[in-house]
Amino acid sequence: MAAKITAQAKSIAGTNRVQHPKPMTFANNFTTYPITDKTRAAMAVTLRGCEELLPQDDWLKKLARSEATGRPLRIKLGLDPTAPDIHVGHTVVLNKMRQLQDLGHTVIFLIGDFTSLIGDPSGRNTTRPPLSAEQIRANAETYRNQAYRVLDPDKTELRYNSEWSDALGARGMIQLAARYTVARMMERNDFSERFKAGTPISVHEFLYPLMQGYDSVALRSDIELGGTDQKFNLLMGRHLQQEYGQEPQCILTMPLLEGTDGVEKMSKSKGNYIGITEDANTMFAKVLSISDELMWRWYTLLSFKSLADIEALKAEVAAGRNPKDAKVMLAKEITARFHSARAADVAEADFIHRSRGGVPDEIAQVNLAAGEGGALGIGLVLKQAGLAPSTSEANRLIDGGGVRVDSGVVSDKGLKLGPGTYVVQVGKRKFARVTLA
């Protein structure tokens, strides 16, 4: 979806100065719409796994109004393309976006190509060096492609905040800055802590929360999502919408997902991350490496299973079921989401190989006669060993990457095995030790 400056964004940003939208009256709009079971169910979807929803009552009323009028709510998520890859930790908020998208609301995936030039100081004790325009463009493209692995691209409004931020100009930026005080800005934890410690704070850093908040004005968002470290910036959007006469957005913060170490926030720099473009086998193995305790938190934040199903599975484990079974289910779900169900099955088989040295404790022993020329084609080996019903099915399995000989994936249907003993595997569970003589 090509990013375009809408008439609405133009009216807000203008060319040289901010054109204030006409004030909206919204307080009384909430009072006439009933709270139905459907509305409550939508609220439950919203609250699942979230850290904080502010104000909850306003969001419930927005949901009720949307249901009664048929007007979808505008769900905003902004990400700065500060690195080329999205990891599983980022998908905590993307998953929530998808859940709300599936309820029929409009999802706005906002790429902060303008705010990336400023650099977000969130959670940092030093300023972040700004990226070059070339880096931002390259990263933005990968963000878009990777986000669509979670979001439905046909139902996603893709936007770039340079659309309205560039149009503000110097005068508009000054007018925007006049709508917030330095005292309020210093309430932000990282700013106040750095000030007390005597750590420098550059003036341009104050512009970041203002520009992120202004995005909500330009997009007229109903709710904005972010990590818990973004709460100040999300509240800024709510404040600025009121300043510009708009109905203020609600804010929804999601927890910061612990990485595979179970301690630190998932981060590429800490090496405890799972990139959503990593190969299926690596992704599967990394999920299985997390602790049993962390597994349940990941289920809540990353799985699309219902909370009732997760609680039932948790009860089974408490009653004696091996927790590894639950972890394998989670690993397969996540791997299938970013690859495919077949890739998840192959990854599970690969993990079994590596964890067991490649061979189950007990497998069938099969003796076969080498064919003409002292070798037997792999298709006939699979058929005669009872691992495939026919050579054509054997070839299909090879094409699907589901056949291994001595732990190596077979990709050549013309492979011939000479005299010797081989461990042959098909899929996840079919093994045979084949001796050719």
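What residue, among those in the stretch 256-272 that are buried (at least 18 other Cβ atoms within 10 Å of the Cβ) and either within 19 Å of Phe351 (Cα to Cα) or in contact with an Asp or Glu (Cβ under 6 Å, 6 or more places away or on another chain) (or both), is modelled with the lowest pLDDT?
Asn272
With Ala347, Ala343, Ala370, Ala336 as the choices, which residue is of a type in the set (A, V, I, L, M) and outside any helix (DSSP H, G or I)?
Checking each option against the conditions leaves just Ala370.
Report whether or not Leu234 is within 23 Å of His105 (Cβ to Cβ), without any contact (Cβ under 8 Å) to a residue 24 or more places away in the chain and either in contact with a Lys or Arg (Cβ under 7 Å, 6 or more places away or on another chain) or part of a helix (DSSP H, G or I) (or both).
yes
Restricting attention to the stretch 196-221, report how many residues are more than 21 Å from the chain's Cα centre (by Cα) and closer than 21 Å to Ser162 by Cα. If you could, list the steps in order and put the result at the bottom.
Start the filter on the stretch 196-221 by keeping residues that are more than 21 Å from the chain's Cα centre (by Cα), which leaves 196-211, 213-220.
Okay, now just the ones that are also closer than 21 Å to Ser162 by Cα, so 203-211, 213-220.
So the count comes out to 17.
Between a first residue in the stretch 386-408 that is closer than 19 Å to Ala341 by Cα and a second residue that is β-branched (Val, Ile, Thr) and not in a strand (DSSP E or B), which pairs have beta carbons less than 6 Å apart while being 6 or more apart in sequence or on different chains?
From residues that are closer than 19 Å to Ala341 by Cα, the pairs are Ile398/Val410; Gly401/Val346; Val403/Val410.
Between Phe284, Phe232, which is buried (at least 20 other Cβ atoms within 10 Å of the Cβ), aromatic (Phe, Trp, Tyr) and modelled with pLDDT of 85 or more?
Phe284
Does Thr126 meet the test of being farther than 30 Å from His204 by Cα, assigned to a loop (DSSP other than H, G, I, E, B) and modelled with pLDDT under 90?
Against the criterion (farther than 30 Å from His204 by Cα, assigned to a loop (DSSP other than H, G, I, E, B) and modelled with pLDDT under 90), Thr126 does not qualify.
Regarding Leu53, is this residue assigned by TED's automatic domain parsing to the domain that holds Ile223, of a type in the set (A, V, I, L, M) and modelled with pLDDT of 95 or more?
Against the criterion (assigned by TED's automatic domain parsing to the domain that holds Ile223, of a type in the set (A, V, I, L, M) and modelled with pLDDT of 95 or more), Leu53 qualifies.
Yes or no: Leu380 out of contact with any Pro (no Cβ under 7 Å at 6 or more places or on another chain), over 30 Å from Thr277 (Cα atoms) and part of a helix (DSSP H, G or I)?
When the stated conditions are applied, Leu380 passes them.
If I ask for residues that are part of a helix (DSSP H, G or I), touching a helix residue (DSSP H, G or I) at 6+ places or on another chain (Cβ under 6 Å) and closer than 30 Å to Ala336 by Cβ, which ones from the stretch 148-177 would you list?
Answer for the stretch 148-177, where residues must be part of a helix (DSSP H, G or I), touching a helix residue (DSSP H, G or I) at 6+ places or on another chain (Cβ under 6 Å) and closer than 30 Å to Ala336 by Cβ: just Lys155.
Read through the list (1) part of a loop (DSSP other than H, G, I, E, B); (2) without any contact (Cβ under 8 Å) to a residue 60 or more places away in the chain; (3) within 30 Å of Tyr208 (Cα to Cα), then give the number of the only condition that Glu247 fails.
Every listed condition holds for Glu247 apart from (2).
Which condition breaks for Gln365 when tested against (1) assigned to a strand (DSSP E or B); (2) touching a Gly at 6+ places or on another chain (Cβ under 7 Å)?
(2)
Is it the case that the stretch 220-231 has a residue that's closer than 22 Å to Ile174 by Cβ and of a type in the set (A, V, I, L, M)?
Taking every residue of the stretch 220-231 in turn, none turns out to be closer than 22 Å to Ile174 by Cβ and of a type in the set (A, V, I, L, M).
Which residue is nearest to the chain's Cα centre (by Cα), if the candidates are limited to the stretch 277-336 and must be acidic (Asp, Glu) and over 18 Å from Asn95 (Cα atoms)? Even if it seems obvious, please write down each step before you answer.
Taking the stretch 277-336 as the starting set, the residues that turn out to be acidic (Asp, Glu) are 278-279, 292-293, 309, 311, 316, 325, 333.
Checking which are over 18 Å from Asn95 (Cα atoms) leaves us with 278-279, 292-293, 311, 316, 325.
Details: Glu278: 13, Asp279: 16, Asp292: 22, Glu293: 21, Glu311: 23, Glu316: 28, Asp325: 24 Å.
Among residues in the stretch 277-336 that are acidic (Asp, Glu) and over 18 Å from Asn95 (Cα atoms), the one nearest to the chain's Cα centre (by Cα) is Glu278.
May I ask you to verify whether Phe195 is crowded, with 18+ Cβ neighbours inside 10 Å, at pLDDT below 85 and in a helix (DSSP H, G or I)? Walk me through how you get there before you give the answer.
Values: crowded, with 18+ Cβ neighbours inside 10 Å: no; at pLDDT below 85: yes; in a helix (DSSP H, G or I): yes.
Answer is no for this residue.
For the stretch 250-266, enumerate the residues that are assigned to a loop (DSSP other than H, G, I, E, B) and either over 19 Å from the mean Cα position of the chain (by Cα) or on the phi < 0 side of the Ramachandran plot (or both).
If we filter the stretch 250-266 for residues that are assigned to a loop (DSSP other than H, G, I, E, B), which is where we start, we get 255-257, 259-264, 266.
Passing the criteria: Pro255, Leu256, Leu257, Gly259, Thr260, Asp261, Val263, Glu264, Met266.
From the list Lys4, Lys10, Lys38, which one is exposed (fewer than 14 other Cβ atoms within 10 Å of the Cβ), among the charged types (D, E, K, R), under 29 Å from Pro153 (Cβ atoms) and modelled with pLDDT under 70? Before the answer, list the steps.
Working: Lys10 fails: exposed (fewer than 14 other Cβ atoms within 10 Å of the Cβ); Lys38 fails: modelled with pLDDT under 70.
None of the other options fit; the residue is Lys4.
Run down Leu313, Leu252 and say which single residue is touching a strand residue (DSSP E or B) at 6+ places or on another chain (Cβ under 8 Å), buried (at least 19 other Cβ atoms within 10 Å of the Cβ) and modelled with pLDDT of 95 or more.
Leu252
The values are calculated or read from the model by the stated rules, or taken from the named source; none is laboratory data. Please read all numbers here as calculations on a predicted model, not as lab measurements. Neighbour counts are summed over all protein chains in view; Cβ atoms, including those assigned to glycine, are modelled from backbone coordinates with ideal geometry.
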